[in-house]
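One structure below.
Taken together, the values in this text are just the output of simple stated rules run on the coordinates, not laboratory data. Note that the structure is predicted; figures quoted are calculated from it, not measured. Virtual Cβ from ideal backbone geometry, glycine too; neighbours counted across all protein chains shown.
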Amino acid sequence: MRAFVAALLILLGLPFSAQAETQTVRIAKQFGVSYLPLIVMQEEKLLEAEGKSRGLDLVAEFLTIGNGGAINDALISGNLDFASGGVGPMLTIWGKTRTNLKVKGVATLNAMPIWLNSSNPKIKTIKDFSETDRIALPAVKITIQAIVLQMAAADAFGPANFDQLDRLTVSLGHPDALVALMSLRSEINSHFTSAPFMYQELEDSRIHRVLNSYDVLGGPHTFNAVWATTKFHDANPKITETFLAALDRAQKMIVADPAKVAALYIRNEKSKIPLAKVIEIITKPENDWTMVPRQVMKFATFMNQTGAVSTRPESWKDLFFADIHSMDGN
């Protein structure tokens, strides 16, 4: 029927579009400023715009999911096209799917620090945690917060004791963990978190920072990334190209117009943080909006040594699709 319509339109001298039917692209994100590139993509409909320039009729469906483990479950079950989260969950699913789904990274969203904050004045370093303390993070064992905590513990207590603080961790989403920590009435007296929550917490004089992930890694590192299955990537090269173009455009918008994207963030997350504060967070030198992987091999090597990832990649390019291999990652 479509061929008949095309032939008829051509005979009549009318334009015919060979564009495919509208395709929905399902993208997962989590809470926080670190997902700003995806928020900008959502609010400005950048995937749709970049798709049209490539002859694609796309609709982006953004799903907010609380932690990387749940996002990985959704990806494996076929309910997502692009997953996003910390390096920990990405490396975990990369390792577990190497013989089947072959999940790999598509690009990174940023290089940003994550902080461990506490309301317990006795806790100056991670060596000061006791059996009565509890550390909230998005999900135990697999999130980037959990991995950085293990890396710090390995430095403090020795490599064999990398998991010494795992028993004190509690799975809790960042918004709920912030409320628990600030209340001073919860068993949660520490929170391993990210922007904007870590900055908000330190505005209270009763809260102090115990650990900065940049100190653990020896400098800036990738915080969040986007990943997909090889099946989806290989079957949809133009969609992947479109996604990367939209992501690049979003990151450039963040740098060029932080005031505009700060307003987009507040609207998208229904945040009560003042606009000026969000702009300040976005433009902090420690927060780099980049698609280029940074220090992912340190995470991969550590997770392989602890058994969390069965295979150690030879380079960061083993972890990401070839679309970004020309970038100067590490």
Checklist entry - To the nearest 10 degrees, how steeply does helix 87-96 sit against the main Cα axis of the chain, on a 0 to 90 scale? => result 70
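For the range 115-217, give the magnitude of the charge dipole about the Cα centre (Cβ charges: +1 Lys/Arg, -1 Asp/Glu; no others), in debye to the nearest 20.
The calculated dipole for the range 115-217 is roughly 100 debye.
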Checklist outcome for this item: Computed over the range 170-235, the relative contact order (Cα-Cα under 8 Å, seq sep at least six) in percent reads 19
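May I ask you to list the trypsin sites (Lys or Arg not before Pro) in the range 209-315 that are in a DSSP loop and have at most 16 other Cβ atoms within 10 Å of their Cβ?
Passing sites in the range 209-315 are 270, 272.
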Checklist outcome for this item: Of the candidate values (i) 22.2, 91; (ii) 20.1, 64; (iii) 21.3, 82, the one computed for Rg and Dmax of the Cα atoms in Å from this structure is (iii)
Checklist entry - What ranking of 99, 283, 222, 132 emerges when the number of other C-beta atoms within 10 Å of each C-beta is taken as an exposure proxy, fewest first? => result 99, 132, 283, 222
Next on the checklist: What's the longest uninterrupted piece of the chain once you rule out the GluC sites (Glu not before Pro) that are loop residues per DSSP with at most 10 other Cβ within 10 Å?
Outcome noted: 204-313
Next on the checklist: Counting other beta carbons within 10 Å of each residue's own, what order do 118, 183 fall into, fewest first?
Outcome noted: 183, 118
Checklist entry - Nearest 10 degrees, 0 to 90: what angle lies between the long axis of helix 237-256 and the longest principal axis of the chain (Cα atoms)? => result 60
Checklist entry - Would you list 210, 59, 87 from fewest to most Cβ contacts within 10 Å? => result 59, 210, 87
Checklist entry - If you put +1 on each Lys and Arg Cβ and -1 on each Asp and Glu Cβ, how big is the dipole of the chain around its Cα centre, in Debye rounded to 20? => result 160
Item to check | Estimated FRET transfer efficiency (residue 102, residue 241; beta-carbon r; R0 25 Å; 0.05) | outcome: 0.85
Item to check | Crossing angle, helix 296-305 versus the chain [Cα axis fit, 0-90 degrees, rounded to tens] | outcome: 60
Checklist entry - Using alpha-carbon pairs under 8 Å, 6+ residues apart, how would you state the relative contact order of the chain in percent? => result 25
Checklist entry - How many percent of DSSP beta bridges within the chain run antiparallel, rounded to 5? => result 55
Checklist outcome for this item: Largest fluctuation, 299, 157, 232 only, Gaussian network model of the chain with Cα springs under 10 angstrom, belongs to 157
Next on the checklist: Run the simple label-point estimate for residue 187 and residue 122 please: 7 Å along Cα→C-beta, distance reported in nm.
Outcome noted: 1.7
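Only Cα pairs under 8 Å and at least 6 apart count here; give the relative contact order of the range 82-218 as a rounded whole percent. Please report the intermediate quantities before stating the final value.
On the way: 202 pairs, mean separation 48.1, N = 137.
Dividing the mean separation by the residue count of the range 82-218 yields 35 percent.
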Next on the checklist: Can you compute the modelled spin-label distance between residue 311 and residue 166, with each label point 7 Å from Cα toward Cβ, in nm?
Outcome noted: 2.3
Checklist entry - How far apart, in nm, are the 7 Å Cα→Cβ label points at residue 52 and residue 157? => result 5.6
